1. Within the bounds of region 107-128, is there any residue that is open to solvent by less than 10 Å² (accessible area, probe 1.4 Å), in a helix (DSSP H, G or I), within 24 Å of P41 (Cα to Cα) and not hydroxyl-bearing (S, T, Y)?
2. Residues of region 59-72 being at pLDDT 95 or above and open to solvent by less than 50 Å² (accessible area, probe 1.4 Å), which ones?
3. Please tell me if R86 is surrounded by fewer than 19 Cβ atoms within 10 Å (Cβ to Cβ), touching a helix residue (DSSP H, G or I) at 6+ places or on another chain (Cβ under 9 Å) and not in a strand (DSSP E or B).
4. Would you check if A5 is surrounded by fewer than 21 Cβ atoms within 10 Å (Cβ to Cβ) and out of contact with any Cys (no Cβ under 7 Å at 6 or more places or on another chain)?
5. Within region 135-153, is there a residue that is open to solvent by 50 Å² or more (accessible area, probe 1.4 Å), in contact with a helix residue (DSSP H, G or I) (Cβ under 9 Å, 6 or more places away or on another chain) and not aromatic (F, W, Y)?
6. Among (1) under 17 Å from the mean Cα position of the chain (by Cα); (2) open to solvent by less than 30 Å² (accessible area, probe 1.4 Å), there is one condition A102 misses while meeting the rest; what is its number?
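The values are calculated or read from the model by the stated rules, or taken from the named source; none is laboratory data. Everything numeric here is computed off the predicted structure, so don't read it as measured data. Virtual Cβ from ideal backbone geometry, glycine too; neighbours counted across all protein chains shown. For the accessible areas, the whole protein counts, side chains as well, though only heavy atoms, and no ligand, DNA or RNA atoms are used. Shrake-Rupley method; radii C 1.70, N 1.55, O 1.52, S 1.80 Å.
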Amino acid sequence: MPDYARELQHGGRVAGVDEVGRGPLAGPVVAAAVMFESGVPRRLAALLDDSKKLSPPARLRAYAALRAARGAHVAVAAASVAEIARLNILHAAFLAMRRAVARLPCVPDMVLVDGNAAPDFGCPVECVVGGDGECLSIAAASIVAKVTRDRLMERLSRRWPAYGWERNAGYATAAHRDALHRAGATPHHRDAFGTVRQLALDLAARQDSGLGATS
């Protein structure tokens, strides 16, 4: 379980940063930054963990508690599909991280980032591999980013229902790939990704041969 030891070790204003959405075939990459003014209340800390380890109801409870907690500063930002295409997915994720930190009410004295690489935030930064399972501020950021992006993809799915984004959040499930194969890509798909590009080529080839999609 994550704790607050690393944040206390650094002292001052410490923000945890994490992102979600590097792997999907569709949708933006979303980052969150969370900074606690004076530690994490015990009841809140008990709700926080790596978002991937939490069930959807547990994530929602933790998210609501974070949003309601006094002294918890939460900021969220994204990089669009167009920015992913222009920058590549790594640098788009870095852009979303920088935007999230910039939306905090003040510049942190230290930023803790989940993973082994980080952008320049204009302040000291430390990369923590597996940080969402080690540092409470990063775990909090992972939850906020995950819930925010899942809700965004659910909203997009109402306009583009064929792809099941309310269930797969844009990841390459069999149903999502099948929908791409049948219906082609939307403006929210990452055309630069190999899977999207290949399925689009397959669809174009079928249409050119007179075997186009029937849906």
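1. Checking region 107-128: not a single residue is open to solvent by less than 10 Å² (accessible area, probe 1.4 Å), in a helix (DSSP H, G or I), within 24 Å of P41 (Cα to Cα) and not hydroxyl-bearing (S, T, Y).
2. Selection gives R59, A62, Y63, A65, L66, A69, A72.
3. For R86, the condition - surrounded by fewer than 19 Cβ atoms within 10 Å (Cβ to Cβ), touching a helix residue (DSSP H, G or I) at 6+ places or on another chain (Cβ under 9 Å) and not in a strand (DSSP E or B) - is met.
4. yes
5. no
6. For A102, the exception is condition (2).
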